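The values are calculated or read from the model by the stated rules, or taken from the named source; none is laboratory data. On a predicted model such as this, the values are computed, not experimentally measured, just so you know. Cβ: placed from backbone, ideal geometry, glycine included. Neighbour counts: every protein chain shown. Quick note on the areas: whole protein, heavy atoms, side chains included, nothing else; ligands and nucleic acids left out. Shrake-Rupley method; radii C 1.70, N 1.55, O 1.52, S 1.80 Å.
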Amino acid sequence: MLALARRAIAAALAGNPAPEVPDIPGARLCRGAFVTLEDRGGGGGALRGCIGRVAGDRPLGEVVRAVAVA
């Protein structure tokens, strides 16, 4: 899921379509998710933001892909 979130952010920043959800265990389960962004540069891992979705009404892969770029 981490790789999916990173690919979704990179695609959004480049103006490209969202990446496909990988066929991995759990990606199709209906779950909520949160994505946390941290500053890996000179900020020492400082929190830059966190966003998520509590409702478990969509497949996890889709949720991660959506909230990563929200």
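What to note about this one:
- Taking the criterion of being open to solvent by less than 60 Å² (accessible area, probe 1.4 Å) and assigned to a loop (DSSP other than H, G, I, E, B), the residues of region 42-60 that qualify are Gly43, Gly45, Ala46, Ala55, Gly56.
- Each residue in region 1-18 was checked for being farther than 16 Å from Val63 by Cα, assigned to a loop (DSSP other than H, G, I, E, B) and not small (Gly, Ala, Ser), and 1 of them qualify.
- The residues of region 19-41 that are aliphatic (A, V, I, L, M), in contact with a strand residue (DSSP E or B) (Cβ under 8 Å, 6 or more places away or on another chain), assigned to a loop (DSSP other than H, G, I, E, B) and open to solvent by 30 Å² or more (accessible area, probe 1.4 Å) amount to a single one, Leu29.
- Pairs are defined by a Cβ separation below 9 Å, a sequence spacing of at least 6 or placement on different chains, a first member in region 33-62 that is within 26 Å of Glu20 (Cα to Cα) and modelled with pLDDT under 95, and a second member that is assigned to a strand (DSSP E or B) and of a type in the set (Ser, Thr, Tyr); the pairs so defined are Arg48/Thr36; Gly49/Thr36; Cys50/Thr36; Ile51/Thr36; Gly52/Thr36.
- Meets criteria (closer than 17 Å to Arg6 by Cβ, touching a Lys or Arg at 6+ places or on another chain (Cβ under 6 Å) and open to solvent by less than 30 Å² (accessible area, probe 1.4 Å)) for Val63: yes
- Given (1) modelled with pLDDT of 95 or more; (2) surrounded by 14 or more Cβ atoms within 10 Å (Cβ to Cβ), index of the condition Met1 fails: (1)
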